[in-house]
Amino acid sequence: DLFSQQASPLVDGWQPQALLTEILLIEGFPLDSRVVPLEEGFPENVVWRVHHPDVSHELFVCLDEEIQSDTVDRLPSLLRAEDIFICLDSALTDEAKVTLDDRIRLKVI
């Protein structure tokens, strides 16, 4: 099957904290940005909120292997129009990608 051979952009043994740092830099956030886990409202997944006073938008990042439907449902009410949600491409179902892409700024790795 064509898609089973699709390579992941992540190196073997990748670490969430290292990837999160790389995401910050790629998205233009300084290394001294405030990165906090959102525990309230997201018991199913680890969602990080990234904020810096010099950047006009916030990042929301989830590096879990699977993003639960409750998380997909809650994200649009949390993000402002200019905010960005970043996650692993493999963590979302096709249906969840369509749902989120219609309602928020979505980037996948």
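Below are the figures for this structure:
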quantity: Where Rh is the Kirkwood radius over Cα pairs, Rg/Rh for the chain; calculated: 0.95
quantity: Mean-position separation - Cα centroids, the range 74-109 and the range 23-57, in angstrom; calculated: 15 Å
quantity: Distance (nanometres) between label positions extended 7 Å along Cα→Cβ at Arg80 and Asp94; calculated: 3.6 nm
quantity: Helix-only [θ]222 nm of the chain, DSSP H runs n ≥ 4, -39500 (n - 2.57) each, per residue, nearest 500; calculated: -8500 deg cm²/dmol
quantity: DSSP-defined beta bridges in the chain - what % are antiparallel, rounded to 5; calculated: 45 percent
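No value in this document is a laboratory result; all are computed from the given coordinates. Treat the numbers as computed from the prediction; the structure is a model and nothing was measured. Glycine also receives a Cβ, built like all others from the backbone with ideal geometry; neighbour counts cover every protein chain displayed.
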